[in-house]
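Presented below is the structure to which this report refers.
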Amino acid sequence: MFKTSWLLLLLIFLSYITFGQEIQVDDVNSHEAFTEELKSSKDLKYQDILQQYDTYIAKNPNEVRVQIERCKFMGTAYFDEIEDYDLNWEETESCIEKLFLTLPENPDVIVYKIENTYGDERPDLIDKSIQKYYTDIEAWSNKARGKLFKMAAYQYSDVNHTKTLEYANKAERFDKELDLSVLAARTHITLGNDEKAKEVLDTNLFYDNDAWTLSEKGDLLIELGEFDKALEVFDRVRVKDSNYVDESS
C-alpha cells in the first residue's frame, strides 16, 4: 500500500515538473493548448503558465502576439461554458486594458480590444479605430483590416445601411476568407434592392460555410424567390447538420 501511494505521488510530481515543456508560449493559439492542460489541475498550473508567458515576454518585449495570447489565456482558463461566464473576468479585463493602454496604436491590439468591448463604448471605439487605420494604413495587415471592417459592418447594420455595405465590402476585399453575404443581402433587401441581394448571395454561394450560415442563405434565397438555389443550399446544410434545415420552408 505504501509503495503504491509513493509511486502515485512520484508520478504526480513528475507530471508537474515536466508540465508545459511541449507547449511554447509563442505557438499559434497557445492559450487554447494551455487551457486544455489546465483541466486536469487548474489551480496548480495557472500561475505556472502565466509565469511562462511573463518570462518569454520579458525576453521578447516586441512579441505583441504573445502578449495577446497571455490575455486570451487568462480569459479562457476559468471560463464556465455552462454559465457562459468568465470567472476570471476582472483579471482578464485588466490584462486587456493594460495592453491597450501600452500599445494603443497596434492594429492587433486594437482589434482584440474591440472584440472584448461591449455596450455604448463599442461603436465609439470602432469609429476611433477606423480613424487610426486611415492615419497609418500600412501598419495594418489584411487580416487585421478584415476583422476591423467586419466588426464595423455588423455594428452599423441597424443604423446605417450605407456604411454596413461599405464596410462589409472592405472586409471581404481585405480578407478573402470572409463571407459577409448574408449581412449584405439582408441590407440590400431592406433598401428594396432585391436584385443586388440575389447577386451578392449568388457570388458567395461557393463558400464552404457552417450549417447555420448556409441555412440563413437558404432562407434568404426563398424570400427572394430563388427556390432551386435554395434547395441546393439546404441539401448542403443537411449534409453538415440536418437540425438547421427548416423542412416547412
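The values are calculated or read from the model by the stated rules, or taken from the named source; none is laboratory data. All values reported here derive from a predicted model rather than from experimental measurement. Note that each Cβ is placed from the backbone with ideal geometry, even for glycine, and that neighbours are counted across all protein chains shown. Keep in mind that these areas ignore ligands, DNA and RNA; they rest on the heavy atoms of the full protein, side chains included. Shrake-Rupley method; radii C 1.70, N 1.55, O 1.52, S 1.80 Å.
Expressed as a whole number of Å, what is the distance separating the alpha-carbon centroids of the stretch 41-99 and the stretch 162-200?
Centre-to-centre distance over Cα atoms comes out at 36 Å.
Read through the labelled values (1) 23.0, 79; (2) 17.6, 55; (3) 21.3, 73 and report the label of the one computed as Rg and Dmax of the Cα atoms in Å from the structure.
(1)
Quick one: which residues, 5 or more positions from Asn204 or on another chain, have an amide H under 5 Å from its amide H? H modelled 1.01 Å from N in the peptide plane, none for Pro or chain starts.
Placed amide hydrogens put nothing under 5 Å from Asn204.
Top mean-square fluctuation among Glu22, Glu226, Glu166, Gaussian network model of the chain, C-alpha springs under 10 Å?
Its mean-square fluctuation being the largest, the pick is Glu22.
Ignoring everything but the protein chains, give the 1.4 Å probe accessible area of Lys176 in square angstrom, nearest 10.
Taking all protein chains as shown, Lys176 has close to 150 Å².
Taking the Cα centre as origin and putting +1 on Lys and Arg beta-carbons and -1 on Asp and Glu beta-carbons, what dipole magnitude results for the chain, to the nearest 20 debye? Write out the running numbers ahead of the final one.
Working: 29 positive and 51 negative charges, 144 e Å.
Charge dipole of the chain: 700 debye, to the nearest 20.
Provide the net charge surrounding Lys143, with neighbours chosen by a C-beta distance below 12 Å and charges set as Lys +1, Arg +1, Asp -1, Glu -1.
So the surrounding residues net to +2.
Residue-wise, which Karplus ³J(HN,Hα) couplings in Hz belong to the stretch 186-195, taking 6.51 cos²θ - 1.76 cosθ + 1.60, θ = phi - 60°, and x for glycine or proline?
Rounded to whole hertz, the list is 4, 5, 5, 4, 4, 7, x, 10, 5, 5.
Over the stretch 199-243, with the other protein chains present, what is the accessible area per residue in square angstrom, probe 1.4 angstrom?
Per-residue value: 58 Å².
Using a 1.4 angstrom probe on the protein heavy atoms only, could you order Thr35, Thr164, Thr135 from most to least accessible area?
Descending order: Thr135, Thr35, Thr164.
Which order do the peptides 105-112, 41-48, 200-207 come out in when sorted by mean C-beta neighbours inside 10 angstrom, highest first?
Top to bottom by mean Cβ count within 10 Å: 105-112, 200-207, 41-48.
Is the C-alpha gyration tensor of the stretch 43-188 telling us rounded, prolate or oblate? Criteria: a/c under 1.5 is rounded; beyond that, a/b larger than b/c is prolate, otherwise oblate.
It is prolate, given that a/c is not under 1.5 and a/b is the larger ratio.
With a cut-off of 8 Å between alpha carbons and a minimum separation of six or more residues, what is the relative contact order of the chain in percent?
9 percent
Give me the angle, in degrees from 0 to 90, between the Cα long axis of helix 89-102 and the longest principal axis of the Cα atoms of the chain, rounded to the nearest 10.
Relative to the chain, helix 89-102 is tipped by roughly 80 degrees.
Pick out, from Thr190, Ala139, Leu44, the residue whose Cα sits farthest towards the positive end of the charge dipole of the chain, with +1 on the Cβ of Lys and Arg and -1 on the Cβ of Asp and Glu.
Farthest towards the positive pole: Ala139.
If I build a Gaussian network model for the chain, linking alpha-carbon pairs within less than 10 angstrom, which residue out of Arg173, Arg238, Arg70 has the largest mean-square fluctuation?
Highest fluctuation among the options: Arg238.
Quick one: length gained pulling Leu87 to Thr135 fully straight, 0.36 nm per residue minus the C-alpha distance?
13.5 nm
Long-range amide H contacts for Asp86: which residues qualify at under 5 Å (H placed 1.01 Å from N, peptide plane, sequence gap of 5 or more or a different chain)?
For Asp86, the qualifying residues are Asp80.
Which residue, Glu93, Glu81, Glu36, has the most motion in a Gaussian network model of the chain that connects Cα atoms within less than 10 Å?
Evaluated over the chain, the most mobile residue of the options is Glu81.
If you count only protein heavy atoms and use a 1.4 Å probe, how large is the accessible surface of Ile137, to the nearest 10 Å²?
Rounded to the nearest 10, the figure is 60 Å².
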